[in-house]
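The values are calculated or read from the model by the stated rules, or taken from the named source; none is laboratory data. As the structure is a prediction and not an experimental result, all values here were calculated from the model. Because the Cβ atoms are built from the backbone with ideal geometry, glycine has one as well, and the counts that use them run over all protein chains shown. Areas reflect the complete protein model, heavy atoms only, side chains present, ligands, DNA and RNA absent. Shrake-Rupley method; radii C 1.70, N 1.55, O 1.52, S 1.80 Å.
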Amino acid sequence: MEIKKKTIFSGIQPSGTLTLGNYLGALKNFTELQDEYNCYYCIVDMHTLTVRQDPEKLRERSYSLLALYLACGLDPDKNVLFVQSHVPCHAELSWILGCYTYMGELQRMTQFKDKSARHQDNINGGLFTYPVLMAADILLYQADMVPIGADQKQHLELARNLAERFNNIYGETFIVPEPFIRGGSARIMSLQEPSKKMSKSDANVNNFILLTDTRDDIVKKFKKAVTDSGSEVRYDENEKPGISNLMNIYGAVKNLTAAGVEKEFEGLRYGDFKKAVGEAVADVLAPVQDRYREFSEDRAFLDKVLKRNSEIAFEAASKTLKDVYEKVGFIVY
Ligand code: TYM
């Protein structure tokens, strides 16, 4: 008997060049899960509008993100790679779920608090209801599991609460999704200030590695990364946040545990370790960068993938939406 594959949903915003944090926290896991699961990987363009975007750049970045998905090894015949705005069900379910979300739940969201502090001139309604749209993304596809970095955990918790709340009122409608957050790589920190998350919106370019950085830049940025007092390569997030972050990165890239990294660098100095981390990251990114350039140039192929996959996504999403519409009392034909 064939066992039905479980479903995975995840998304990335096409809001700029991605960082090593996005790669290790999300993308790398996407590719590792593609064989075992039925996967939907979305380019969540609607989410980006919570912050002002240049329309032409946004369109380009959506194509670029698709090229990057492909360059990382996501097979477009095995995974549903699509753009959020191509499937209107996301906005429709978001409205419904918004009517079951409490203001207090949204006010508690740390990303809302952070982003409204950073964009004080544009604290818009979308920024506030962003997690509801994210819940709609996930619940529409009846996802069992959602691979994300640790910063998205609170949003996923809301999606779970909304699914349970709706199910309690109307009967089984949504699968309650589980987060898939992988140990050390779920929270890649800034290279200069390891108490902060690595983020592309950081003003200091030495804080982050972009997936498009050259080998030279990558090696240099790691050379400059802050380390801690002492000289041993030993994992200790409190005493040695800088070294522990580099160990998480090296471990993720080389598939090693912290103990494995400690063993490899026993007796070596910080300088040697930082050089090795830079080179390992550059080695992993080089083939991705080459394939990314090739896919980026083939716009006809990218359009073909998006058109075909948006139909597949629409079919799955509209089934859930129809069930929801019936349950809440809309006239459905
Ligand atoms: P976004 O676009 O900010 O980031 C995409 C993914 O990268 C992860 N990530 C990190 N992981 C480890 N270390 C870091 N420094 C780091 N920075 C980013 C994020 O956790 C995320 O998994 N709201 C989401 C997009 C979204 C979504 C969804 C995700 C919309 N709908 C449905 C999952 C399911 C976001 O802004 O991610």
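Figures for the structure shown
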{"read-out": "Leading residue by the ranking (nearest to Phe128 (Cα to Cα)) among those in the stretch 143-155 that are out of contact with any Ser or Thr (no Cβ under 7 Å at 6 or more places or on another chain) and more than 7 Å from the ligand (Cβ to nearest atom)", "value": "Lys153"}
{"read-out": "Test: residue in the stretch 40-51 that is in contact with a His (Cβ under 8 Å, 6 or more places away or on another chain), within 15 Å of the ligand (Cβ to nearest atom) and not acidic (Asp, Glu)", "value": "yes"}
{"read-out": "All positions within the stretch 248-268 that are within 23 Å of the chain's Cα centre (by Cα) and farther than 20 Å from Ser190 by Cβ", "value": "Lys254, Asn255, Leu256, Thr257"}
{"read-out": "Every pair of residues 6+ apart whose Cβ atoms lie under 8 Å, when the first sits in the stretch 13-24 and is free of Cβ contacts under 8 Å to residues at least 40 places away in the same chain while the second is more than 8 Å from the ligand (Cβ to nearest atom)", "value": "Gln13/Asp45; Gln13/Thr48"}
{"read-out": "Test set (1) within 23 Å of Gly25 (Cα to Cα); (2) in the same structural domain as Lys28 (by TED's automatic domain parsing); (3) part of a loop (DSSP other than H, G, I, E, B) - Gln192 fails condition number", "value": "(2)"}
{"read-out": "Some residue of the stretch 246-257 being among the β-branched types (Val, Ile, Thr) and loosely packed, with under 15 Cβ neighbours inside 10 Å", "value": "yes"}
{"read-out": "Enumeration of residues in the stretch 133-182 that are in contact (Cβ under 8 Å) with a residue 60 or more places away in the chain and assigned to a loop (DSSP other than H, G, I, E, B)", "value": "Tyr141, Gln142, Ala143, Asp144, Ile148, Gly149, Gly171, Thr173, Phe174, Ile175, Pro177, Arg182"}
{"read-out": "Matching option when the condition is at pLDDT 95 or above and within 18 Å of Ile312 (Cα to Cα), among Leu74, Leu58, Leu49", "value": "Leu74"}
{"read-out": "Boolean, Lys220 is assigned to a loop (DSSP other than H, G, I, E, B) and either surrounded by 15 or more Cβ atoms within 10 Å (Cβ to Cβ) or touching a residue at least 24 places away in the same chain (Cβ under 8 Å) (or both)", "value": "no"}
{"read-out": "Candidate set: the stretch 99-127, residues that are in a helix (DSSP H, G or I) and buried (at least 18 other Cβ atoms within 10 Å of the Cβ); chosen: the one modelled with the lowest pLDDT", "value": "Lys115"}
{"read-out": "Ala67 in contact (Cβ under 8 Å) with a residue 12 or more places away in the chain, near the ligand (Cβ under 9 Å from one of its atoms) and open to solvent by less than 20 Å² (accessible area, probe 1.4 Å)", "value": "no"}
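To keep it simple, each residue is scored yes or no on (1) part of a helix (DSSP H, G or I); (2) more than 14 Å from the chain's Cα centre (by Cα); (3) surrounded by fewer than 22 Cβ atoms within 10 Å (Cβ to Cβ).
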{"position": "Ile3", "(1), (2), (3)": "no, yes, yes"}
{"position": "Gly11", "(1), (2), (3)": "no, no, no"}
{"position": "Tyr23", "(1), (2), (3)": "yes, no, no"}
{"position": "Thr50", "(1), (2), (3)": "no, yes, no"}
{"position": "Lys57", "(1), (2), (3)": "yes, yes, yes"}
{"position": "Glu60", "(1), (2), (3)": "yes, yes, yes"}
{"position": "Ser85", "(1), (2), (3)": "yes, yes, yes"}
